[in-house]
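Read the structure below first, then the notes.
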Amino acid sequence: MAYGKKVLDHYENPRNVGVLDKEANNVGTGMVGAPACGDVMRLQIQVNDDGVIEEAKFKTYGCGSAIASSSLLTEWVKGKTLDEASQIKNTEIVEELELPPVKIHCSVLAEDAIKAAINDLKSKAN
Amino acid sequence: MLTPTYLDYSSTTPVDARVAKKMANYLTMEGDFGNAASRSHYFGWQAEKAVHEARSQVADLVGADPREIVWTSGATESNNLAIKGIAHFYQKRGKHIITLKTEHKAVLDTCRQLEREGFEVTYLDPLPDGLLDLDLLKKTIREDTILASFMHVNNEIGVIQDLQSIGDVCRANKVFFHVDAAQSAGKIEIDLTSLPVDLMSFSAHKIYGPKGMGALYVSRKPRVRLEAQIHGGGHERGMRSGTLATHQIVGMGEAFAIAKAEMKEEQARTLKLRQRLYAGFSDMEEVVVNGDLDQRIAGNLNISFNYVEGESLMMAISNVAVSSGSACTSSSLEPSYVLRALGLSDELAHSSIRFSVGRYTTEKDIDDAIALVKEKVEKLRDLSPLWDMYKDGIDLNSVEWAAH
């Protein structure tokens, strides 16, 4: 089982690796997974005054598919509203990256991560 | 794409060119293709001669009598034959078996099968360095214990068990002692004339012989009897039926003969290479060697690069072929059961890589691997939220993870 081209590409040329200020009011942080499972993703989003995601950063501890899933997600959410971002389905990630069945859980974790980031942002607004 | 550098010798080895050349003489019309059991003609006799020679070659490496060597299809079959064979033959004496949690699946799964048949198996925990605790073994042996099975060298962490001491305990308690020597034969000395071992499994493909070929040593003095697991003609003194694969057997014999002749020099060279590899990582932070560094086979280096997941590292160093104890590399999502049994945290098990050096490894291979690993570990640590947290002084054990 050789690694998928797209997965390799995200690893070789990761998009949006980094950190945003998690204390800032317009930044939402989602941290999901556990070291015991071999998968930890931290996804951060920054919204502008119109509620549109203008910046997204990630860091992931996990296999190539996990890195690619979270990297892809940061690409996709930019320019979306929070509602639109929360609609992203893990199955779309699976399709785009051509993930084999044994790696589907990586995409599920990525979906959890974006939802957690959105929730974090929403709880700050309250 | 250039062929990657091979540093996965514990998984399998290429067949030595000298072995392949000899094997080729036993296949075609031009060679000795006969059935070794055909006692009445030239073709059979030629094959039988080759088998006889190979049997001596295997026996010579380990200090056995050739009559104590039974040919099988590999160490997996040898393990099955030894464990099931003893269990079924001696079950009236008792139905308790002892082994270690870190054994190869060929032993563990065979034991599970015997449990389904009504045997009782105790799977002992190893010490943190991977060694068997002799006091624990003594305490675990019961009146109805008939067999203990412990591997000589562990495939994942390379740790070497003390067969003499273990065997002495078994002998004192009249328990049969089986050893899986798949990873040790040809690499470290084995002398069955003095070791108190009753059965020993061998593999050809771990020592530059062909895959699909192995043997089982079955002691004649004292006499060990087994129930055969494969029937049909009574070959191998009734212990393992089936026409002998002359070319495979010749291959195994030749591989073992070469190993005997070159062992000392090869182990010294292999050790130097492994030490060079380890030294190459010595200036890196958060690097842990798994298993005892001294009681260890020369070629094995099982190492965890903390905060970097094993499969992502393997993908990153794709120009070097290695193995990982990470769950992501197995189809269950469980990390290596061997590393877990040593008491390793899940994180370190997920971050483990096994490098194994062998006959054709060069210094350049090692230096290239070091450079590549260092570069990629750094890159993956830059990508890792856990590395960030470690750098910030956060204790990961204190974090409440949102696992699913």
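Results, tabulated for the structure shown:
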{"quantity": "Which listed residue is over 24 Å from B:LEU127 (Cα atoms) and among the polar types (S, T, N, Q), from B:SER318, B:SER304", "calculated": "B:SER318"}
{"quantity": "Residue identified as under 20 Å from the mean Cα position of the chain (by Cα) and either outside any helix (DSSP H, G or I) or at positive phi (or both) among B:GLU103, B:GLU77", "calculated": "B:GLU103"}
{"quantity": "B:LEU147 closer than 26 Å to B:LEU348 by Cβ, of a type outside the set (Asp, Glu) and either in contact with a Leu (Cβ under 7 Å, 6 or more places away or on another chain) or not in a helix (DSSP H, G or I) (or both)", "calculated": "no"}
{"quantity": "Residue in the range B:351-367 that is facing another protein chain (nearest Cβ under 9 Å), surrounded by 19 or more Cβ atoms within 10 Å (Cβ to Cβ) and either over 30 Å from B:GLU103 (Cβ atoms) or of a type in the set (A, V, I, L, M, F, W, C) (or both) present", "calculated": "no"}
{"quantity": "Residue among B:ALA36, B:ALA50 that is in a loop (DSSP other than H, G, I, E, B) and under 20 Å from B:ALA24 (Cα atoms)", "calculated": "B:ALA36"}
{"quantity": "Evaluation of B:ALA181 against (1) surrounded by fewer than 23 Cβ atoms within 10 Å (Cβ to Cβ); (2) closer than 21 Å to B:ILE97 by Cα; (3) among the small types (Gly, Ala, Ser) (one fails), failing number", "calculated": "(1)"}
{"quantity": "Residue within the range B:321-344 that is among the hydrophobic types (A, V, I, L, M, F, W, C), surrounded by fewer than 24 Cβ atoms within 10 Å (Cβ to Cβ), at the interface with chain A (Cβ under 10 Å from one of its Cβ atoms) and within 26 Å of A:PRO100 (Cβ to Cβ) present", "calculated": "yes"}
{"quantity": "Helices (runs of 4 or more DSSP H) contained in the range A:1-117 and holding at least 1 residues within 11 Å of another protein chain (Cβ to nearest Cβ) and crowded, with 19+ Cβ neighbours inside 10 Å", "calculated": "A:5-12, A:64-77"}
{"quantity": "Candidate set: the range B:150-174, residues that are in contact with a strand residue (DSSP E or B) (Cβ under 8 Å, 6 or more places away or on another chain) and in a helix (DSSP H, G or I); chosen: the one farthest from B:ASP292 (Cα to Cα)", "calculated": "B:ARG171"}
{"quantity": "Long-range neighbours under 9 Å by Cβ, at least six apart or interchain, first residue over 29 Å from A:CYS37 (Cα atoms) within the range B:350-370, second surrounded by fewer than 17 Cβ atoms within 10 Å (Cβ to Cβ) and among the acidic types (Asp, Glu)", "calculated": "B:ARG359/B:GLU262"}
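Listed here are the residues, each with its yes/no results for (1) assigned to a loop (DSSP other than H, G, I, E, B); (2) out of contact with any strand residue (DSSP E or B) (no Cβ under 6 Å at 6 or more places or on another chain); (3) farther than 22 Å from B:GLY299 by Cα.
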residue: B:SER201; (1), (2), (3): no, no, no
residue: B:HIS235; (1), (2), (3): yes, yes, yes
residue: B:SER241; (1), (2), (3): yes, yes, yes
residue: B:GLU254; (1), (2), (3): no, yes, no
residue: B:ALA257; (1), (2), (3): no, yes, no
residue: B:GLU266; (1), (2), (3): no, yes, no
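Since every read-out is calculated from the coordinates, none of them should be taken as a lab result. Note that the coordinates shown come from a computational prediction; the quantities given were computed from them, not determined experimentally. As a convention, Cβ positions derive from the backbone with ideal geometry for all residues, glycine included, and neighbour counts pool all protein chains shown.
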